[in-house]
Each structure stands twice: as C-alpha cells, then as structure tokens.
Amino acid sequence: MEIFPISLKLQQQRCLIVGGGHIAYRKASLLVKAGAIVDVIAPEIEPELRQLVYKSMGQYIQAAFSENILATGYRLVIAATDNTAVNKSVFEQCEARNILVNSVDDIPNCRFMVPAIIDRSPLVISVASNGASPVLSRQLRTQIETIVPHGMGKLAEFSGLWRKQVKEKISNPDERRIFWENLYASPLKEQVFNDNLDVANDLIQQALTEWIAPKGEVYLVGAGPGDPELLTLKALRLMQQADVVIYDRLVSAPILELCRRDAEKIYVGKARSNHSVPQDGINALLVEYAQKGKRVCRLKGGDPFIFGRGGEEIQELVEASVTFQVVPGITAASGCSAYAGIPLTHRDYAQSVRFLTGHLKEGSPELPWNELVYENQTLVLYMGLVGLERICEQLIAHGQRPTMPVALISKGTTPEQKVLVGTLADIAAKVSEHHIVAPTLTIIGEVVSLREQLQWL
C-alpha cells in the first residue's frame, strides 16, 4: 500500500490555496463543503472563487506566492497554479514546515492526494489510485454511486444518535459489532431510508431491550484454489464478519486481505513433514474460540470437504455442541484444470473422473492401481508431487501405457501459475528441470492433450 487513507476533520481549520483559477475553485469548493476556512493567494482571482473564500470567512491575498504566507500556520495547502515552478516551490516550502501539501496533477510534489468522493454525509467514501489513474478512480466512484443508497447518510446519522446508548448497554466491542450488523440487516434500515424515524427508534429500543449475548459459531469456508475472484458471495460475507480467522498454507495473501481488517488471524498451515499446528490443535482452537463467543472463520484452500480434513473438524465441533456453517469452495481440480485449459471430462476422451490424494497418512502413495488403469477416465491427484515418480511407475507397471498425457499445474489460478505437460514416462524427470513446486495438482488422462487447443491464459 503506497498511500495511507485517512479522513481529515477540517471544520474551522484554516487552509491555503495557491492559485486563483478554475482548478483552485474546484478544490476550494471541496474544502468549504468540509467546513474549512479557505485563504487564497494569487495575483488574480475568479469572481466565483472570491465569493467562496469570503463565504468560508477566509481571505484573498492579491500577491504571488511567498514562503512568508506559510507563517500563518495552515492545516494544509493546495498548489493549484498553471506554473510548474511555483507549484514545486509551494511543495518544498510546505515540506520544510511539515505542512500537508497537494500539487494538483503533480504526484511527485504531493504529500496527500484528493480522492474521488462519494458523499453520503456523514458517511463519506473515497477512491484513490495514488495518481496512477484518476480516470479509473472516477469510474469506480460512478459504480459505487449506483450501489450505495442515498439513504445511507441518514442511517449513519441515525446510528450516531444511538451510539452512546448502545455502548452503555453492550460493553463488549465484539458483541456490539454483532448488534449493529444484525440491526442493519433488519427492517430498521428501510424505515430510516423512508424517514420513519419514530418506527426506527422503536425498533432499535426493542432490539436493545431484548439483546442477549450471542453464542460463538464456526464458519468452515472454502477459499478456492487461489484467485480471489473465485470466492463465493457467502464466503466473502462470512470472512468479513468473523472475529477470528484460522487459515491454511494454501490460502493466498489476496484472499486473506479480504477478511475483516481487525480480525485476529491465526496461521495453522501444513507443509509436508512440517505442521505449524497439528490437526488436533486446530480442532481445539476452533472449539476454544467458539466457546468464548467468537465468530470463527476456518479458512481452507479449495473445498473443505475435498482432501481438506473438514469432516474431522466438523466432528470435533459436533461433539462440543458448537454451531457451525459449511461454505463450499471451488476445489483445485476444477479451478486449476479450467485455468489450464484442460477439461476433466470430454465426450470423446473421458466419461469419468477420479479425485485421489498422493499423500496418505502413511507417507508413500498406495492406491488401488488396477482400478486406475482405464483409457476413458481422468485421474486428478492432490498433493502428489513428492510421490509423482512412484505414481507414474505403478500406473505403467499395472498396464497403463507410458505415453498417457500428464499435466502438472503449480500454483493454479494465481499469477504464478505454471503448467508442465508430459507423459507418464517422462513427467517426473521434468519436475526439477522446470522448477515445479508445491502446491501442484496432477492430471492424468487423454484430456490433457486438449490443453494446446483450449488454453486461454
């Protein structure tokens, strides 16, 4: 993150604009709307800008910029002239005095940027791109304008009036957050939007009177194979409301970023022969936090019920009488194969598909080899990279032809995705040569031959 987003309170704060033209007027309009006192220094000034300055109780100084003007002690300064040298001088003089400064359309000479704004006062939403693409910021603002009801400002104001009473009634901040979340999902929101404030006041008073501290709950959420856009809507909603996030190694950083910012995040990832937290410990954590009244998101790569040990964790929750939800995720088999351009089934090549794990409890893969040797089926192996050589040898030994196509998909659906294609006879030898690393999905079958035709990434 290259910029730190903040919201400044500028009511009755003196601010300076250098420049008296149209751009200066635009910036002054925003400052005045925020309640600032606006001074303008410029040799000439547009009449509309002069009126705005006087409306804010500011003053117009008819002069060229001089560093002496900064002795006034301005909260922030905006350089809005058409003279690059002047704007740069404003920046340098403000920097020397630790005054927040913006030079319009001149990113190197800015200490802050003015974002695209969606105004639902007292609710204000801003979009900024660090100057990389102001047009994109404005387009996003337009999109957000269409999905945020104008009544949201009323709702924010209404909530502020009740904030003190709610805090007195519900002292625990986590419980208080749940109270407000439940309230915003209730009919109260529409009542406020429609200015039925008497009804809205009755509803919130009733909710406060009937409030009971919620019990803890566990959300077993499939995070998919890596691409954050493959998350389900339900997964995203629960990730945003969880107090605690317990996540695996296969959960990508961009997906973790979508969790609630202030949630406690606990890493319990597993790699081969290296478990940061044993499975029994993970099960115990889920129960422990839920029994403390926390909403716990157990975030797992792929789908929690496909080689994700989700069933084991649910069994522990059932025994402890902990409430839970399960949110399926796109499993690696379907996600990675699709992004690699390999259909798992095809009328001409495969009428069945089998999901297998190449990493069993005992270590080496011992699979029902005879059942796996068929021409018209696709084999998908999870966690099979370490045992890949033995897997290929055993399939050939049990009758599968050495020329059967094989694909290895490393870090599938992510920007680091790598696909390696070979055959049962040679794929294992290619792994080190092409630097294939875990997590890697293995696909065996004639459908792999379609990749050359169907790949799209």
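Taken together, the values in this text are just the output of simple stated rules run on the coordinates, not laboratory data. Everything numeric here is computed off the predicted structure, so don't read it as measured data. All Cβ positions, even for glycine, are placed from backbone atoms using ideal geometry, and neighbour counts span all protein chains on display.
For TRP456 and SER66, a Förster radius of 56 Å and the Cβ-Cβ distance give a FRET efficiency of 0.40, rounded to the nearest 0.05. Region 217-330 gives an Rg/Rh value of 0.92, both radii derived from C-alpha positions and Rh following Kirkwood.
Projecting the Cα atoms of ALA85, PRO108, PRO439 onto the charge dipole of the chain (Cβ charges, centred on the Cα centre) puts ALA85 farthest toward the positive pole.
As a size descriptor, the averaged projected area of the C-alpha convex hull of the chain was calculated at 29.8 nm². With everything on Cα atoms, drop me the angle between helix 197-209 and the longest principal axis of the chain, reported from 0 to 90° to the nearest 10. Compared with the principal axis, the helix lies near 50 degrees. By the Cα gyration tensor, region 1-73 has an equivalent ellipsoid whose semi-axes, rounded to whole angstrom, run 21, 15, 13 from largest to smallest. Helix 152-169 and the longest principal axis of the Cα set of the chain meet at an angle near 80°. Axis of helix 134-147 versus longest Cα principal axis of the chain: the two differ by about 80°, to the nearest ten degrees. When Rg and Dmax are taken over the Cα atoms of region 14-114, they come to 11.8, 32 Å. Pairs to check: LYS9/LYS234; LYS270/LYS418; LYS167/LYS189. Give those whose C-alpha atoms are more than 26 Å from each other in this structure. Check vs 26 Å cut-off fails for LYS9/LYS234.
Using θ = phi - 60° in the Karplus curve 6.51 cos²θ - 1.76 cosθ + 1.60, the 3J(HN,Hα) couplings for region 278-294 round to x, 4, 4, x, 5, 4, 5, 4, 4, 5, 4, 5, 5, 5, 7, x, 7 Hz; x is entered for Gly and Pro. Summarising the amide proton neighbourhood of GLY301: residues at separation of 5 or more, or on other chains, whose placed amide H is nearer than 5 Å comprise ALA223, ASP248, LEU250, VAL251. Listed values for region 373-388 are Karplus-derived 3J(HN,Hα) couplings in whole Hz (6.51 cos²θ - 1.76 cosθ + 1.60, θ = phi - 60°), namely 9, 9, 6, 9, 9, 10, 9, 10, 10, 8, 6, x, 5, 5, x, 4, and x replaces Gly and Pro. Centroid-to-centroid, using Cα positions, region 253-313 and region 12-60 are 53 Å apart. Between amide H atoms placed 1.01 Å from N, distances below 5 Å from ARG295 occur with GLU217, ASP243, VAL244, all of them 5 or more places distant or on a separate chain. Per-residue ellipticity at 222 nm computed for the chain from its helices equals -10500 deg cm²/dmol, with DSSP H segments shorter than 4 residues left out and the rest contributing -39,500 (n - 2.57).
Kirkwood Rh over alpha-carbon pairs of region 152-209, then Stokes-Einstein at 20 °C and 1.002 mPa s: what D in µm² s⁻¹, rounded to an integer? Walk me through the numbers on the way to the answer.
Values: Rh = 11.4 Å.
Once the numbers are plugged in, D ends up at 188 µm²/s.
For region 333-454, dividing the convex hull volume of the Cα atoms by the residue count gives 96 Å³ per residue.
Using per-residue counts of other Cβ atoms within 10 Å, averaged over each peptide, order 337-350, 59-72 from highest down.
Values: 337-350: 18.2, 59-72: 13.9.
In decreasing order of mean packing, 337-350, 59-72 become 337-350, 59-72.
Given the peptides 298-304, 256-262, 446-452, arrange them by the average over their residues of other C-beta atoms within 10 Å, most packed first.
Working: 298-304: 26.6, 256-262: 13.9, 446-452: 17.7.
The most tightly packed comes first, giving 298-304, 446-452, 256-262.
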